[in-house]
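Worksheet for the structure shown next.
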Amino acid sequence: MKLTAENMDLKLRHTFTIARSSSDYANNVLLRVRDGKHEGLGEAAPQRYYGQNQDGCRRTLERMAPFLKDPDPFDLERVLDGLAKKFPKEPSARAAVDLALHDLIGQKTGLPLWKYWGLDRAKTPQTSFTIGIDTLEKVRAKVEEAQRFPVLKIKLGVQGDMEIIKEVRKLCPKKTLRVDANCGWSVKDAIAKAKILEKLGIEFIEQPVPPGQNAKLKRIQEKIGLPLMADESSLVPEDLPPLRGCVKCINIKLVKCGGLRAALKMVHTARSCGFKIMVGCMIESSVLITAAAQLTPLVDYADLDGNILISDDPYDGVKLDKHAKLLLPDRPGLGVRAR
Ligand SMILES: [Mg+2]
C-alpha cells in the first residue's frame, strides 16, 4: 500500500473561541492510502493542546509508511497495534491511517462501513451545533444562524459565561442546550454554575475542570443534579473505568483515541461502565466527520458539526435531515467523495 499525506487547511466560518484558545483555520492533514486500483481516505486533525501540529503530523504519517507495506487493509489489528506501540503520542495521525484502512476495506468489499459493522443506520442521533465563545451580540447572531439545529452546544468556561447561556436560553426557550466549559472552571465555580444551568434546563455539562483531576469531577458530580460529561479526561478506553462515579457521560473523538477501531473499543468499555456516550469532533472536514458518524448508531448523542463550522469543506459525506439527524451515506467505506 502506498501512503500520501498532504496539508489540508480548513477555513472557519467564524473565529472559533473556546475557554483556552481561538482560531480562524484548522490545519489538518489529508491522507490517501492506495492499494492497487483502490484508494482509502483518512484525515488527521492535530491538536496544539495535545502537543501536535500539522507539519509534525504529516511527517509522522510519512514515517508510518513502512507499517503499510504489506498490501492487506483487512489486517487492521496488526497494523494499528504496531502503530500504537511505535507512535503512542500521535493518536491523530494514527486515526488518519485507521480511517484510510477502513475506507479501503469498504472500497474492496463494496460495503458502507455501517453495513460492514451490521449497524442500523436508522438509529443515528441528531447532531448538536456548537456556538463558540463570543460577545453577546455575536452569540445572538450565531444562534439566529443556527435556527435549523434543534440541539445547541454552547461553549462556556470564561468570565461572564452565565450571561451567555441565559441569553441563548432566552432566544431559544424550547431547544435542547448542552454546555462545554473546556476545563475553564474550579470545583466551586462548577457547583455554583450548575445550579443556574439546572434552572435553565440544560441537558449536561461537559468537562468543567482540567483532566487528571477525577476526584474533582467526583466532588462536583456528587453535589449537582445535572450529568457531567468527560471530554479532555476521556481520551482512550483505559481512561474510562477510573471515571466511574465521577461523570455520567463520556465524549469519544476519533483523533483523541486513534481512530474507529479504538473508538469501538471505547464504546463497549463505556457501556460496561454504565456511561452515556457522545461522539464528538474537532474542526474537521467531512472525511473525519463522516467516519465518526458511522459509529453513531451505537451512541446516545452526537456533536459532529466540525464540517459545518468550516466554509471550504473539500469533501462530501454524511448529511443531515431537517431535524439535524445524521444520514449515513450508501457509498462504500467511509462514504466520502471530493466535492
Ligand atoms: Mg469538549
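The values are calculated or read from the model by the stated rules, or taken from the named source; none is laboratory data. Being a predicted model, the structure only gives us computed values, none of them experimental. Glycine gets a Cβ as well: all are built from the backbone with ideal geometry, and neighbour counts include every protein chain shown.
Looking at region 245-316, the helices (runs of 4 or more DSSP H) lying wholly inside it that each contain 2 or more residues that are buried (at least 19 other Cβ atoms within 10 Å of the Cβ) and away from the ligand (no atom under 16 Å from the Cβ) sit at 260-273, 286-293. How many residues does region 216-235 hold that are more than 15 Å from the ligand (Cβ to nearest atom), assigned to a loop (DSSP other than H, G, I, E, B) and surrounded by fewer than 18 Cβ atoms within 10 Å (Cβ to Cβ)? Residues meeting the conditions: 1.
Considering the conditions (1) within 23 Å of the chain's Cα centre (by Cα); (2) part of a loop (DSSP other than H, G, I, E, B); (3) not polar (S, T, N, Q), residue 70 is excluded by exactly one of them, (1).
Screening residue 118 against (1) at positive phi; (2) in contact with a Lys or Arg (Cβ under 7 Å, 6 or more places away or on another chain) leaves a single unmet condition, (2). Highlighted here are the helices (runs of 4 or more DSSP H) found entirely within region 117-212 that include at least 2 residues which are without any contact (Cβ under 8 Å) to a residue 12 or more places away in the chain and more than 16 Å from the ligand (Cβ to nearest atom): 136-145, 187-199.
Condition check ((1) small (Gly, Ala, Ser); (2) surrounded by fewer than 22 Cβ atoms within 10 Å (Cβ to Cβ); (3) modelled with pLDDT of 95 or more) across all residues:
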site: 6; (1), (2), (3): no, yes, yes
site: 14; (1), (2), (3): no, yes, no
site: 32; (1), (2), (3): no, yes, yes
site: 43; (1), (2), (3): no, no, yes
site: 56; (1), (2), (3): yes, yes, yes
site: 65; (1), (2), (3): yes, yes, no
site: 69; (1), (2), (3): no, yes, no
site: 98; (1), (2), (3): no, no, yes
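If I ask for residues that are over 30 Å from residue 33 (Cα atoms), out of contact with any Ser or Thr (no Cβ under 8 Å at 6 or more places or on another chain) and of a type outside the set (Lys, Arg), which ones from region 247-268 would you list? The one that is over 30 Å from residue 33 (Cα atoms), out of contact with any Ser or Thr (no Cβ under 8 Å at 6 or more places or on another chain) and of a type outside the set (Lys, Arg): 249.
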